[in-house]
Amino acid sequence: MERREFIKAGCGLCASLATIGAVGSLLEGCKPGELIFNTTPTDGNISVPLEKFLHNKYVVVRLKHLEYDLLLVKENESTFNTLAMQCTHRQQPLVVTSTGLICNEHGSRFDLSGNVTRDPATKPLIKFKTELDGLNVVIHLS
């Protein structure tokens, strides 16, 4: 199944459950407009406005030329980290939840710091240098 089809099917399921009253944290994953930031790098860097974190602990950063999304996580007011949303077991895309990332292929799980919390993956997620620069969070891709 293609990634777009998977997301479309998943959010369709959430919408169906909402109409029958099964509302709750399950719907958290169906708010892509609030958590996804589409952008293009400039000089090998990505700049994400700090205002994206007013109501969110993390933002999914989507780049046209990358095969996988990045997860930008706010650890505290001045510390952020960026993770590749790609499983280190079989390089499959990951799904983010409020507590971490999950690989739907074989069930690997990672915390929001990129550490493995459940096998079969054994290596942590790839991290990118990330820093606060005024009113933006800057991710260095190289």
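Could you list the chymotrypsin sites (Phe, Trp or Tyr not before Pro) in region 61-142 that lie in coil according to DSSP, counting only those with at most 14 other Cβ atoms within 10 Å of their Cβ? Passing both the DSSP loop test and the Cβ count: no residue. Probing with 1.4 Å while keeping every protein chain in the model, the per residue accessible area of region 41-130 equals 55 Å². Between Ile36 and Glu77, the distance separating the two model label sites (each 7 Å from Cα on the Cα→Cβ line) works out to 3.3 nm.
To the nearest Å, what is the center-to-center distance of region 113-141 and region 31-75, using C-alpha atoms only? So the two Cα centres are separated by 12 Å.
Sparsely packed loop sites in region 55-119 (the trypsin sites (Lys or Arg not before Pro) outside DSSP H, G, I, E and B with at most 16 other Cβ atoms within 10 Å) comprise Lys57, Lys64, Arg90. Each residue, Lys57 and Arg90, gets one label point 7 Å from its Cα in the Cβ direction; the gap between the two is 2.8 nm.
Apolar share of the accessible surface for region 54-103: 48 percent from carbon plus sulfur atoms, 1.4 Å probe.
The values are calculated or read from the model by the stated rules, or taken from the named source; none is laboratory data. Since the structure is predicted, the reported quantities are computational estimates derived from the model, not experimental observations. As a convention, Cβ positions derive from the backbone with ideal geometry for all residues, glycine included, and neighbour counts pool all protein chains shown. For accessibility, only protein heavy atoms count, side chains too; no ligands or nucleic acids. Shrake-Rupley method; radii C 1.70, N 1.55, O 1.52, S 1.80 Å.
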